[in-house]
1. Taking neighbour Cβ counts within 10 Å as the exposure measure, how do A:191, B:52 sort from fewest upward?
2. Give me Rg/Rg_expected for the protein assembly as shown, where Rg uses Cα atoms only and Rg_expected = 2.2 N^0.38 Å with N residues.
3. Taking 7 Å along the Cα-to-C-beta vector as the label spot, tell me the residue B:28-residue A:255 distance in nanometres, rounded to one decimal.
4. Run the numbers on chain B and let me know its relative contact order in percent, using alpha-carbon pairs under 8 Å that are six or more apart.
5. Per DSSP H run of n ≥ 4, the term is -39500 (n - 2.57); total these for the protein assembly as shown, divide by its residue number, and report the mean residue ellipticity at 222 nm rounded to 500 deg cm²/dmol.
6. Counting alpha carbon pairs within less than 8 Å and at least 6 residues apart, what relative contact order, in whole percent, applies to the range A:161-224?
7. Any idea what the relative contact order of the range B:96-208 is, in percent, if you count C-alpha pairs under 8 Å spaced at least 6 apart?
8. In which sequence would A:117, A:49 go, from the one with the fewest C-beta neighbours within 10 Å to the one with the most?
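Values in this text are rule-based calculations from the coordinates and carry no lab data. Fair warning: this is a prediction, and the values are worked out from it, not measured in the lab. Positions of Cβ are backbone-derived with ideal geometry, glycine not excepted, and every protein chain shown enters the neighbour counts.
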2 protein chains.
Amino acid sequence: MNNNPIGIFDSGFGGLTVMSAVHKMFPCENLIYFGDSAHVPYGSKSPETVIRFSKDIAAFLASKKIKMLVIACNTATAHALPTIKKMLKIPVIGVIEPGSKAAIAATIANKIGVIGTQGTIDSNSYKKSINKISKSALVYQQACPLFVPIVEEGWTNTRIALETADIYLKPLINKKIDSLLLGCTHYPLLRKVLEKVIGKNIKIVDSANAVSCEIKRVLNEKNLFSNKKRAAILTFYTSDNPKKFQKLGGVFFGQKIPKPQKITLE
Amino acid sequence: MNNNPIGIFDSGFGGLTVMSAVHKMFPCENLIYFGDSAHVPYGSKSPETVIRFSKDIAAFLASKKIKMLVIACNTATAHALPTIKKMLKIPVIGVIEPGSKAAIAATIANKIGVIGTQGTIDSNSYKKSINKISKSALVYQQACPLFVPIVEEGWTNTRIALETADIYLKPLINKKIDSLLLGCTHYPLLRKVLEKVIGKNIKIVDSANAVSCEIKRVLNEKNLFSNKKRAAILTFYTSDNPKKFQKLGGVFFGQKIPKPQKITLE
């Protein structure tokens, strides 16, 4: 069982930043990724629909004998995590709780900024999760609708990205936050620009790294670490165009990825 | 029958720019708008799903005794227009053909630029429609994924909008187009910025105005013009949050709108 892969899924490419962080921390763990590009974005869809998609993907990944499942998508975590936990007999983790814990650990002033898509911010998922762990934490939220298309256009190092980040982050800076939680899996690609705008006194908390730490905790607790010493096997699946996935996916993963296999689950 | 309203629907707010153009041309025609904000965006959804949504909305509007239906949404036009035409006994028009005709009428060099969302551009709907009418027309397409969020953020007159437009339009300008078709109902709100970037030698063709001309033609042909002389009644429905619709809707419609009624069709 220990040498079985870890399954990771997202509505599209964003979860590949999580997979990249996981791969860096555990270079010998086999990983299987499913990007549901045919149904992206999940953010605007009803909880019932998101749960249905998530269950299909979880069942598919379970059939690949994964030892653990990571829901690397904010919306799917918000809507489907409890259902998938009940459905599978393996450990299942999402992105919201690990990110929230890390943001609380990072703040000294007890003022946390959360940025995400409109859907994530409107759902208050991170705010609720943070205040469930720490009632006294002040959470300031900001939706950043332009960030995803900026990342997907590959414009992360442009003046447009910088000016956009400046507008979005100013209200949070004014609130004197000292911890900024990236509540969207696309945002790690904007890290340099965000650092320029917020300066050195605000710590960036990246869900992707927080999830890796949570995986470490779970694998350790359940004694599920792989005993292999060779480089991991990375497998990719998508529900839409594999060529497009390979091209854009490499940007999110931070290195070239092999062509994924197309899988239709409906 | 002549004093019955014209029905207009879109996946969200964008179609309100069409409604605004129609209202300006026919201030005495009663109009009913349905914005399917619960399901927005249609662009990423399967044709079957878009057809299902469109049929539900068409049936709802037909129950309001509309005399004509305008599908003010590119994706719904591309996927559902033939189905809805068969389904209803009243005239039904979409946005693609009127826009294509107007772009062909506007070009002298026979070089047309089309801008739209990624989904619209990937579908080649406008290119196919233009080349169906004029085989010799050269069509250059450009997806502009940042334009919709820029409009929805209200950033139409910012440097970000200008720089973004500059990047997107440069390849079309280099192709020496002389007619630029706005293939997305959000884009008329960017008209000033687009004009700055393309200069005076390229004509902007706005689908919203083209649709109004097509409505005029149809109402005239079928003898369906209203004989009322008083200001029209404008009615709005949405499938999601009415407050948000009213707030954002006013921006697209160009003037304040009354609070819409929320309707769930599923």
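1. In order of increasing Cβ crowding within 10 Å: A:191, B:52.
2. Values: Rg = 24.7 Å, N = 532, 2.2 N^0.38 = 23.9 Å.
Dividing the Cα radius of gyration by 2.2 N^0.38 Å gives 1.03.
3. Reported label-point gap for residue B:28 and residue A:255 is 7.3 nm.
4. Numbers: 517 pairs, mean separation 72.4, N = 266.
Relative contact order here is 27 percent.
5. -14500 deg cm²/dmol, from helical runs alone.
6. Numbers: 40 pairs, mean separation 24.2, N = 64.
For the range A:161-224, the relative contact order is 38 percent.
7. Result for the range B:96-208 is 36 percent.
8. Listing A:117, A:49 from fewest to most nearby Cβ atoms yields A:49, A:117.
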